[in-house]
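The structure under discussion appears below in the form of structure tokens.
The values are calculated or read from the model by the stated rules, or taken from the named source; none is laboratory data. From a predicted model like this one, the values you see are computed outputs, not experimental measurements. Here the Cβ positions follow ideal geometry from the backbone for every residue, glycine too, while neighbour counts run over all protein chains shown. Heavy atoms of the whole protein, side chains included, go into the accessibility calculation; ligands, DNA and RNA do not. Shrake-Rupley method; radii C 1.70, N 1.55, O 1.52, S 1.80 Å.
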Amino acid sequence: TLHVRNITNMLDFRETQSDIVLGFAPSEQDGIESRPVGVMHLIPYASNAYIEKHGVPSQTNLENHKFIDAEYYSSRTDIWKSWQAALKRGKVAHLCDNSFAYCLAVKEGLGIGLLGNYVLPDQELIPADIDVHVALRMYLLADSERLKSRPVRIVYNWLSTILGENNQWLAARPKITGEWS
């Protein structure tokens, strides 16, 4: 049985009480194995409903657009600079830190949101060409002692495979727009 859940402590692996964690940074803790896997690509999307009401967002008209932001995206590091620059030009209409509700808010047309490229097949969500692309390297973390357990090692290796760069959604340089097979 595999139990997938959201963790509450992203800084201390042992506090998660999990065998394996998918995170966005390698662990600095002794006894924790960190394996780099694929890359999560976040790009801005607007729904068809949003575009019908507010027009197509572009680099020349961001002042006329609304955005949905999240605290996850507020770090003052270079990786978020393009997203934060777009937000400054437009208006942040909503803040949402629940990923499911965030996606639904974008889908309902409440604003432009930063979502994973894996939503590209959704015909209701249109990538917004506003020069924003956030690429986040992902890491699998596991306690070295727990990896001695055969079931934990099997799941860790399996996750490494399906979340690796051979996955078209998680490749270092994926196709961002167009048809996906």
Note to self: For region 121-148, give me each residue that is open to solvent by less than 50 Å² (accessible area, probe 1.4 Å), out of contact with any His (no Cβ under 7 Å at 6 or more places or on another chain) and either free of Cβ contacts under 8 Å to residues at least 12 places away in the same chain or of a type in the set (A, V, I, L, M) (or both).
What the structure shows: LEU125, ALA128, ILE130, VAL132, VAL134, LEU136, MET138, LEU140, LEU141, ALA142, LEU147
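It is to be established whether one or more residues within region 63-72 are farther than 30 Å from PHE24 by Cα, in contact (Cβ under 8 Å) with a residue 12 or more places away in the chain, touching a helix residue (DSSP H, G or I) at 6+ places or on another chain (Cβ under 6 Å) and exposed (fewer than 13 other Cβ atoms within 10 Å of the Cβ). Steps first, answer last, please.
First, the residues of region 63-72 that are farther than 30 Å from PHE24 by Cα: 63-64.
Filter again for in contact (Cβ under 8 Å) with a residue 12 or more places away in the chain, leaving 63-64.
Among the residues that remain, those that are also touching a helix residue (DSSP H, G or I) at 6+ places or on another chain (Cβ under 6 Å) are: 63.
From the residues that got through so far, the ones that are exposed (fewer than 13 other Cβ atoms within 10 Å of the Cβ) too are 63.
Yes, region 63-72 contains at least one residue that is farther than 30 Å from PHE24 by Cα, in contact (Cβ under 8 Å) with a residue 12 or more places away in the chain, touching a helix residue (DSSP H, G or I) at 6+ places or on another chain (Cβ under 6 Å) and exposed (fewer than 13 other Cβ atoms within 10 Å of the Cβ).
Can you pull out the residues in region 44-55 that are open to solvent by 10 Å² or more (accessible area, probe 1.4 Å) and in contact (Cβ under 8 Å) with a residue 60 or more places away in the chain? Walk me through it before giving the result.
Within region 44-55, the subset open to solvent by 10 Å² or more (accessible area, probe 1.4 Å) is 48-49, 51-55.
Correct list: ASN48, ALA49, ILE51.
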Notebook entry, point to check: Residues in region 149-160: is at least one farther than 23 Å from GLN59 by Cβ, under 13 Å from the mean Cα position of the chain (by Cα) and open to solvent by 40 Å² or more (accessible area, probe 1.4 Å)?
Noted result: no
Next item on the list: For region 83-100, enumerate the residues that are at pLDDT below 95 and part of a helix (DSSP H, G or I).
Entry: SER99, PHE100
Next item on the list: With the condition kept exactly as written, say whether any residue in region 164-180 is outside any loop (DSSP other than H, G, I, E, B) and either among the β-branched types (Val, Ile, Thr) or open to solvent by less than 90 Å² (accessible area, probe 1.4 Å) (or both).
Entry: no
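Tell me which residues, restricted to region 32-82, are aliphatic (A, V, I, L, M), outside any helix (DSSP H, G or I) and over 15 Å from the mean Cα position of the chain (by Cα).
Residues of region 32-82 that are aliphatic (A, V, I, L, M), as a first pass: 32, 37, 39-40, 42-43, 46, 49, 51, 56, 62, 68, 70, 79.
Checking which are outside any helix (DSSP H, G or I) leaves us with 32, 37, 39-40, 42-43, 46, 56, 68, 70.
Result: ILE32, ALA46, VAL56.
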Check: Would you pick out the residues in region 86-115 that are open to solvent by less than 40 Å² (accessible area, probe 1.4 Å), touching a residue at least 40 places away in the same chain (Cβ under 8 Å), more than 16 Å from the chain's Cα centre (by Cα) and within 14 Å of HIS54 (Cβ to Cβ)?
Finding: GLY109, GLY111
Check: Which one is farthest from HIS54 (Cα to Cα) among residues in region 116-133 that are out of contact with any helix residue (DSSP H, G or I) (no Cβ under 6 Å at 6 or more places or on another chain) and either outside any loop (DSSP other than H, G, I, E, B) or of a type in the set (Val, Ile, Thr) (or both)?
Finding: TYR118
